[in-house]
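The values are calculated or read from the model by the stated rules, or taken from the named source; none is laboratory data. Keep in mind it's a predicted model, so treat the numbers as computed, not measured. With ideal geometry, Cβ positions are generated from the backbone for all residues, glycine too; neighbour counts draw on all protein chains shown. Heavy atoms of the whole protein, side chains included, go into the accessibility calculation; ligands, DNA and RNA do not. Shrake-Rupley method; radii C 1.70, N 1.55, O 1.52, S 1.80 Å.
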Amino acid sequence: MNNKKFETNAIRTQLERSQFLEHSSPMYLTSSFVFDDAEDMRASFAEEKERNIYSRYANPNTSEFIEKVCQMEGAESGFAFASGMAAVFSTFAALLDSGDHVISARSIFGSTHGLFDSVFPKWNIDHSYFKIDEVDTIESLITPNTKILYAESPTNPGVDILDLKVLGRIAKKNNLIFIIDNCFASPYLQQPIKFGADLVIHSGTKLMDGQGRVLAGITVGTAALIDKIYRFSRITGPSLSPFNAWVLSKSLETLAVRVDRHCENALKLAEFLEGHEGVNWVKYPFLKSHPQHEIAKKQMKAGGCVVAFEVKGGLEAGRKFFDAIEMLSLSANLGDSRSIVTHPASTTHSKLSVEERNQTGITDGMVRVSVGLEHIDDIIADIEQALQ
Ligand SMILES: *Cc1c(COP(=O)(O)O)cnc(C)c1O
């Protein structure tokens, strides 16, 4: 760790120059690496020296990407994955044994629900959910086999905020591994390790890439836990491709300026919607009306790119709103330079029962906007005409 600022490290952390003296990091599209002789090869495989062997284990481009994210999050070590879900799955699978138990917030990414509800039970790994406004019940859910405390903040799609410091304290007191999916905030807005997280997971697909091009995931945290995740992953093969790592490392150079503008635009849109007669409610962490606004201000630099609101008139009005949208994309991604509107009840969270959706705060008329980098006047104009 050095004492340079976030933006500087995001740009100046770079692979050693090759003999060609390139300015920008080259792409190392190679599946394997060569050895000097039999002894070099033996010692490398025995892990007596640190060097690249095979790109399923490590590659210069993935190493550069991991190094940047470790600096941003204040982490000791990390491993990069082919997607955010590969990161979530491999992190849990590496750390959990049959019979273990996980406590997770109920408001989490749809596919992560899928892991807890239908994949991990195959290996006798159980879970309990807590509602985000019932953090005081977490300790009552702990069993002798509980190993991990897991949450996302801000949550998807409801943009609720969990107090990371409180969760960190509970995890520490009860000797649980505390893991945060920090994808909605990005490392620029929030660094969960400061609040006691042992591991931080990102879908690199979202704000890190920021231009909707590649899938990626990363887990960073303490060296001892990352070593377990690394050993699991070098056998099972969920690693990030060097091409995508190169794209992402370039994207991180502009993360701070992009996220600043995302947040500025999102706050302006949230303020516009708050006064609108066609809208029941608006939620954005940096609106004063947000129920956890004070916590958001303590742990985040700004509110993020996602605004949630409910169109007046329920499902029918919601559908009309989506059909009337002209410029914004109807898509499932977020954190893209292009603004995106999603209807969680019929798309990302459609696999949940109505009851589960209600428990996670997803109503039929709820709209999630990932506010992009277009001019804010054009973003507001499209939403305004669709609401009319
Ligand atoms: C998108 C997302 C994921 C999964 O990432 P993929 O790259 O799509 O696999 C996990 N968690 C959160 C919060 C997400 O938004």
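Which is in contact (Cβ under 8 Å) with a residue 40 or more places away in the chain, assigned by TED's automatic domain parsing to the domain that holds K228 and not aromatic (F, W, Y), of E139, E134, E76?
It is E76.
When residues of region 131-145 are filtered for being surrounded by fewer than 21 Cβ atoms within 10 Å (Cβ to Cβ) and either part of a helix (DSSP H, G or I) or modelled with pLDDT of 95 or more (or both), how many remain?
Counting residues in region 131-145 that are surrounded by fewer than 21 Cβ atoms within 10 Å (Cβ to Cβ) and either part of a helix (DSSP H, G or I) or modelled with pLDDT of 95 or more (or both) gives 10.
Which residues, taken from region 237-246, are outside any loop (DSSP other than H, G, I, E, B) and crowded, with 17+ Cβ neighbours inside 10 Å?
Within region 237-246, S239, P242, N244, A245, W246 meet the criteria.
What residue, among those in region 87-101 that are within 16 Å of the ligand (Cβ to nearest atom) and open to solvent by less than 20 Å² (accessible area, probe 1.4 Å), is farthest from G217 (Cα to Cα)?
F92
This table checks each residue for (1) among the hydrophobic types (A, V, I, L, M, F, W, C); (2) at pLDDT 95 or above.
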| site | (1), (2) |
| --- | --- |
| L255 | yes, yes |
| L273 | yes, yes |
| V282 | yes, yes |
| S289 | no, yes |
| K320 | no, no |
| D323 | no, no |
| E326 | no, yes |
| S337 | no, yes |
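Out of the residues in region 187-212 meeting the condition of being assigned to a loop (DSSP other than H, G, I, E, B) and within 12 Å of the ligand (Cβ to nearest atom), tell me which one is surrounded by the fewest Cβ atoms within 10 Å (Cβ to Cβ).
It comes out as G212.
In the list L255, L330, L248, which residue meets the criterion of being over 17 Å from the mean Cα position of the chain (by Cα) and touching a residue at least 12 places away in the same chain (Cβ under 8 Å)?
L330
Among the residues of region 213-236, which ones are within 16 Å of the ligand (Cβ to nearest atom), assigned to a loop (DSSP other than H, G, I, E, B) and closer than 22 Å to Y57 by Cβ?
Within region 213-236, V214, L215, A216 meet the criteria.
Under the condition of being closer than 30 Å to I340 by Cβ and among the acidic types (D, E), which residue from region 109-157 is farthest from the ligand (Cβ to nearest atom)?
Among those residues, the one meeting the criterion is D133.
Test A43 against the criterion of being exposed (fewer than 12 other Cβ atoms within 10 Å of the Cβ), of a type in the set (A, V, I, L, M) and without any contact (Cβ under 8 Å) to a residue 60 or more places away in the chain, and give yes or no.
In short, no.
If I ask for residues that are touching an Asp or Glu at 6+ places or on another chain (Cβ under 7 Å) and under 19 Å from L373 (Cβ atoms), which ones from region 249-297 would you list?
S251, A256
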